[in-house]
Amino acid sequence: MRTDGILGVEDRDSKRSAINSNTARNKQKWLSRKEKWLVVLGVILHAVYMLSIFDIYFKTPIVHGMDPVPPRFVAPAKRLVLLVADGLRADKFFEPDSDSDGGYRAPFLRNIIRKQGRWGVSHARPPTESRPGHVAIIAGFYEDPSAVTKGWKANPVEFDSVFNQSRHIFSYGSPDIVPIFCGALPHSTWNTYPHEFEDFATDASFLDEWSFDQFQNLLNRSNQDPKLKQLLEQDKLVVFLHLLGCDSNGHAHKPFSSIYLNNVKVVDKIAEKVYNLMQSYFKDNQTAYIFTADHGMSDKGSHGDGHPTNTDTPLVAWGAGVGHPLPISHSDHHENTAARFIDDHLHDTATPSEWGLSGMTRLDVNQADIAPLMSTLLGLPCPVNSVGNLPLRYMNLNKAEEVEAVLANTKQILNQFLRKSQLKQSTSLFFKPFKPLASYSSLLRQIEHLISLKEYETAIKLSEHLRSLALQGLHYFQTYDWLMLMTVITLGYVGWMIYVVLHVLQSYTSLPANIFSKEQLPNPRRSTVKVHLFGGLSMGVVCTVLLVEQSPPLYHAYVVMTMFLWTQIFSEYRFLKALCRYLCGKLNDYYLKLIATCIFSVIILELLVKSFTDRKLYTWCFLTTGVVVAFYLFRSLPWRSGVPIFVWVACWFLSAFTLLPPQIPENTLLVVAGGLMIIAIGIILRYLELHAKDNIYWRSLAAQDSKKLKFPLLFYLQILWVGLASVLVWLSTSHRTEKRELLVLHQLMNWSIAGFSMILPLFSATGLLPRLTSIFLGFAPPFLLLSIGYEALFYGALSLALIAWILVENAYLHISKFRLSSAQVKSMEGNFNLAHDNRCLELSDMRIPLAFMVFFNIAFFGTGNFASIASFEISSVYRFITIFSPFLMAALLIFKLLIPFILVICVFSAITKLVQIPLLGCYFLVILCSDVMTIHFFFLVRNKGSWMEIGNSISHFGIMSAQVVFVLMLFAGTNIFTKDILVRSAQQFSRKKM
C-alpha cells in the first residue's frame, strides 16, 4: 500500500509536470506569434509615419486658379534686360580691385550707381543654389519644399513667372538653368552651350562671352529677318542672359583667386556691352536693366547655406522706370530697425567703407522682391505665385502710379490667400478662417476711397498693411494641417512606445505573476470586444470625416494607425489597472529609482540626438564613462583583477576618434598599424581565455564544453589571415600608386581572404570570450582591406571598448552575487520562468539597451557619417575593384560601414546570454529608445536652409525610423555567429527587483 501511494504521488507529479510543460510551450508559441505580429506592425507604422514629413514639411505652397492683377497705369518700360551673374557675391563686386591703384572691378556698373540708377544688396534665402535663386528672381517665391522629392533639380509644380507673363523672352546661358524656365514656353527664343563647355580646369569666363555673343548675333540677324525685327520691336519683352563664369570659377579656383576676380571685370564689361548694344539698336530709352546674382560663393568655393557670403548678392537697376541715384538722408532709415530680411540679416546694416558708396542710398531687398519690380517696370501682372514685396523706392513713378503699383502687388498676394482659403474651406467641415483678414473687402474699399480722395500716402500704407496680412495668411494656410498631423503622428509614436512597454512588462518581467497572483480574474473577452468595437467605430467616423474633406489617402493611414494603437492599449486596461494598484503599494524608494532611470535614459538619448550634429559629444561621453565606471569597479573589485584599469584605458582610447576629421585622409601606415593592433588584441584575448579558470572574474567568459575543437589551430589561422590582409594592404596600395592598376593576383587574394575569414568564426569554441574573439578576428581582414586611414585603428579601439562593456557586465554579476545572502539567492530561482532559462527583466537592466544605443551610434559616427555614403572615400574599394562599377562599389562601402555594427550586435547578443535576459525583450527596449530619438528628429526636420541641412534632417529622421528593421536584420544576420555561445548559469548571480 505504501509503495502504491508513493507511485501515485509520482504519477500526479509527472502529470502536473507534463501539464506545466505543455502550458509553457503553448505560451511560448503564443508569444512568438504575437512578437512576429508586433514586429510587422512596427515596420508598417514606421514606414507610414516616415512619409508624414512630406505631408507636413514638404508640401508645395503653389496653388493655381488665381487671376492676374495688372497695374492700372502705363508701363514705364517697353522691354527689360535681366543679367544674372551666377555665383557673384556682393563684397567681391563692390570692393576695390587690389590690382589697380584706387580702381574697382566693376567700373561701368559703379558709374551707373553714381549717375543713372539705384543699387543695394539682394538677400537670398537658403538653399542658396542656382535653381531656387532664379525661381525667386523671376517668379517671386522661394524654394518649393516639395522639390525634395525630385532631387531639387526640376520644378515639382508648374508656376507663374515674369517670363510667362511677358510677350516674348530671349534667353542664353547655362543648359542647367535656361531650359528649366524657358523650355516649356511657346513665346521663347533660347539657346545654351554644351555641358562639355563647363570645364573646371579652365577659366570659365568665356561662357559669359558666349551668352553675350549669342544675343549680339540675334540682334544682327534681325536686320535681315523682318519677322524677328517686328518681334523685337514689340513691348513687354524680356532679355535674360545667364552668366555662369563666376560660379564655375568660384568652385574651381575659390572667390579670392585672380581668375574669379577677373571674371567680375568680365561680367561688368558684358553689362556695358549689352547696354551699349541695346541703346544703339532701339534708340528709344525705353529699356530697363536689372543686374543681380542668384547666390554668392563661400571662401571654400561652395554655396548652399545661409552664410552672408552666400546670401548677399549685388543688385543694380537703371533705365526706363528706374529712379536716379539718391543721396543719403536721415529719413532713409527703416522705421523698424529690428526688422530682418529673408536671410535673417538686419535692415540698415552699415555699408563697408571700402566699397566707396557711403554717400549713395543703399536699397536692400529680399531676392523675391525683384520679380514684382520687373513686372511693374514692364506693366505686367506680378507672377500669381509671388510673395515678393514691390521695392517702390527703386522706381521713378508719381504718387498716383506708386499707389496703383503697390495695390496691384497687394491684390496679387491677397488673391493667393483667397484661393488657398477657398480651397481649404471647400473641403473642411470645421473650417477655421484667418481672422485678421475676415474684413479684407472693407480694407480694399477703404484703399480705393483713399485713392479717389488722392490721399496717396495713406493708401500706400494701408495697402502695405493689407499685403503684410495676406502674407501672414498664406503662411497660416500653408501650415493649416500641421497641428492636426503632428498631433496624430506624435500620439502614434507615443502609443507605439506605450504598447511596446506593455508587451515587455507582460512578457519579460515578473509583474504579471506579482500583480495577478492573488486575484481570480473574470473572462475578459467581452470587455475586450467592447473596446475593439468602440475603437473600430471611432476609426470609421474619423475616416468618414477625412473622406468628406477629401483628405489625401495617407491622412487616413496616419489616423487609423494611431487609433488602432490606442485601441490596443485600452484593451489592456485590466493589466493597466492592476499595474496602478501594484505601483501604489510601492515605497518611495521604488519611485525614486523609476524616475531616476527614466530621467537618466532620456538624458542619454537626448545627448545621442545632439551627437548627430556634434560628434565630439562621444569624446566627452567616453572620457566621463571611463573615469566613473573605473572608479565604481575600483571600489567593488580587487585591484589585481585589472578590470578597472582596462575599462578606463579602453574608453579613453575610443574617445579620441570622434575628435578626428570625418573625411579620412589616406595613410597606409595607419592601416598596417591597425592590423598589428588587431593581432595584439587577439593574442591578449587568447591568453586571457586560456588562463580564465584561474580568475573568477573571467571564468564565466571562457568555453564551457570540454570537447576538442575540430580546428585546434583556428586561432593561429585567423591571426595569419589578419597579417596577410595587412601585407596585402601595403602591396596593393604601393602597386596601385606606382602602376595605376591593381594586379589580378592581388585582387583575387583580397577577395579570397576577405570572404574566407568571415566563415572561420563559425568553427570556433562556443565560450563567450573565444567566440567573440574569433568574430573580432574574422571581420578584421575585410575591414582592413577596405580601410584607407585611421579607421583601421578605430576597429581595434571599438573592440576594446566592447570587451570593456562585457567585463563591466560580468563584474556587475559577481558584485551582485556577493551582495546577496544565500537565502536571497535561493528565493531568486523562481525568477527564471522564461524560455532557455532566461530570467525576468529588471529595472536596472535598462542600462544594457542604453549602452547598446551609445555603441550603435558611435559605430555611425566613429569614422564618418553613416547618413551620407558620400562622406566616405571611394578609394576604400580600390583593393577589390578599380573599374568603375557603382553598384558593386556602393555595396562594398555599405558592407564596410556595417562591420562595426556587426561587432556591436554580436557583443550585445552575448551580453544578454551572459546576464541571462531575453534577447527579444532587450530588442524591444532598444526600439523604445530609438523611438524616443525618432520623435525628437521628427520635430527637427527642416524645410529651410541649405540642401545639405534639409537632406541631413530627413536622413536623420529616416535612419531612426528604419532602426526597427535595421537592428532586427542585423540580429538575424549575426545570429549564426552568436546562437551557439555558452555561458555559465546565471542563476547564482541573479536577483529580483520587480
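Quick notes on this one:
- Spherically averaged projected area in nm², based on the convex hull that wraps the Cα atoms of segment 416-479: 4.4 nm²
- Total formal charge among the other residues, if their Cβ is under 11 angstrom from that of Tyr456, Lys/Arg +1 and Asp/Glu -1: -2
- Within segment 879-940, chymotrypsin sites (Phe, Trp or Tyr not before Pro) in DSSP loop having at most 16 other beta-carbon neighbours inside 10 Å: Phe884
- Accessible surface of segment 153-222, 1.4 Å probe, proportion on carbon and sulfur as whole %: 51 percent
- Protection proxy ranking, peptides 793-804, 210-221, average beta carbon neighbours within 10 Å, highest first: 793-804, 210-221
- Local electrostatic count at Thr128 - Lys and Arg +1, Asp and Glu -1, tallied over other residues with Cβ under 9 Å: -3
- Sulfur and carbon atoms: percent of accessible area, segment 416-479 [1.4 Å]: 55 percent
- q = 0.09, 0.13, 0.20 Å⁻¹: log10 I(q)/I(0) that the Debye formula gives for segment 319-458, counting C-alpha atoms only: -0.38, -0.75, -1.39
- Local electrostatic count, Ser298, Cβ distance below 11 Å [Lys/Arg +1, Asp/Glu -1]: +1
- Excluding ligands, DNA and RNA, the accessible surface per residue across segment 546-669 is 59 Å² with a 1.4 Å probe.
- Cross-link table Lys36/Lys530; Lys399/Lys944; Lys115/Lys236; Lys254/Lys896, entries beyond 30 Å C-alpha to C-alpha: Lys399/Lys944; Lys254/Lys896
- Solvent-accessible area assigned to carbon and sulfur over segment 251-328 amounts to 53 percent, based on a 1.4 Å probe.
- Segment 529-586: radius of gyration over Cα atoms, expressed as a fraction of 2.2 N^0.38 Å: 1.50
- Packing-based order for 429-437, 377-385, using average beta carbon neighbours within 10 Å, highest first: 377-385, 429-437
- 28 Å Cα-Cα threshold exceeded, pairs from Lys78/Lys269; Lys227/Lys411; Lys59/Lys300; Lys227/Lys265: Lys227/Lys411; Lys59/Lys300; Lys227/Lys265
- Most tightly packed first, judged by the mean number of other beta-carbon atoms within 10 Å of their residues, the peptides 762-771, 116-125 read 116-125, 762-771.
The values are calculated or read from the model by the stated rules, or taken from the named source; none is laboratory data. Bear in mind the structure is a predicted one, so any value in this text is a computation, not a measurement. FYI the Cβ positions are ideal-geometry reconstructions off the backbone, even for glycines, and counts take in every protein chain you see. Remember, those area values only see protein heavy atoms, side chains included, never the ligands or the DNA or RNA. Shrake-Rupley method; radii C 1.70, N 1.55, O 1.52, S 1.80 Å.
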